[in-house]
Amino acid sequence: MNIILLGPPGAGKGTQARKLVAERGMVQLSTGDMLREAKSSGTAMGNKVAAIMDAGQLVTDDIVIGLIEEKLEGDHAGGFIFDGFPRTLPQADALGALLEKHGTTLDAVIEMRVDDDALVARITARSTCGACGEVYNDQTKPIPSDGKCSNCGGTEFKRRADDNEESLRTRLMEYYKKTSPLIGYYYAKGDLSSIDGLGEINVVAKAISGVLDS
Ligand code: AMP
């Protein structure tokens, strides 16, 4: 089963994708994670996109399509969760063509709806475990008082360079201008399901399972 998690920054796509990986053996393909990895390891591509990402703008379609194309070559028995990809109409067309080339299809596109005020509150309070990527929130899920990640025991936590109000404003504008047209695109194909992304993590997970198991 191949699915897309669609939603603005901070909607909880990464958190839900990680749960699906753990519970259903699916493979998470996050272009944001791939780009951050390229950035921190200082590859030529990473250096090229670093300033664009920090400003909250989208990197070019050819770069992210190339990243996804590489990953689709690997093992995909459990199916893919596309997290943060596609983000533009050309990316969506490219994904459709790539899946077809691999003899597979898209099974569901899940739009996670969260209002803008909640996004700002979530993102400015967000940190992650440096070792396993577990997501924490200063208000709703603080880092444990012993300073150890509840998932892996890691002791280093980081905040994303683009998780600040200014960059978030740009990321939201990019979402509304370039990514939200995908809602209509997938609705027209009959692939779209929309869920409330505002609730507690397990409640949202249940809504996603409801779509996948229907
Ligand atoms: P994310 O972790 O998904 O919020 O992505 C972080 C940043 O990486 C975005 O703000 C963009 O700069 C870049 N990025 C990630 N995925 C894409 C994509 N599919 N298309 C263009 N830029 C992307």
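Here are some notes:
- Condition met for GLU73 (surrounded by fewer than 18 Cβ atoms within 10 Å (Cβ to Cβ) and within 16 Å of the ligand (Cβ to nearest atom)): no
- Number of residues in region 76-98 that are away from the ligand (no atom under 13 Å from the Cβ) and among the aromatic types (Phe, Trp, Tyr) equals 1.
- Just one of the listed residues (GLY32, GLY25, GLY14, GLY56) is of a type outside the set (D, E, K, R) and more than 9 Å from the ligand (Cβ to nearest atom), namely GLY25.
- If you filter region 165-191 down to residues that are among the aliphatic types (A, V, I, L, M) and out of contact with any strand residue (DSSP E or B) (no Cβ under 7 Å at 6 or more places or on another chain), you find that the one that is nearest to MET112 (Cα to Cα) is LEU172.
- Residue check: GLU111 meets all listed conditions (1) away from the ligand (no atom under 14 Å from the Cβ); (2) of a type outside the set (A, V, I, L, M, F, W, C); (3) open to solvent by 70 Å² or more (accessible area, probe 1.4 Å) but one, namely (3).
Rundown of residues vs (1) without any contact (Cβ under 8 Å) to a residue 24 or more places away in the chain; (2) aliphatic (A, V, I, L, M); (3) under 22 Å from GLY184 (Cα atoms), yes/no style:
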| site | (1), (2), (3) |
| --- | --- |
| PRO8 | no, no, yes |
| MET34 | no, yes, no |
| LEU99 | no, yes, yes |
| GLY103 | yes, no, no |
| LEU106 | no, yes, yes |
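The values are calculated or read from the model by the stated rules, or taken from the named source; none is laboratory data. This structure is a prediction, so every number in the text was calculated from the model and none was measured. Cβ coordinates were reconstructed from backbone atoms using ideal geometry, including for glycine residues, and neighbour counts include every protein chain displayed. Surface areas here come from the heavy atoms of the whole protein model, side chains and all, with no ligands, DNA or RNA. Shrake-Rupley method; radii C 1.70, N 1.55, O 1.52, S 1.80 Å.
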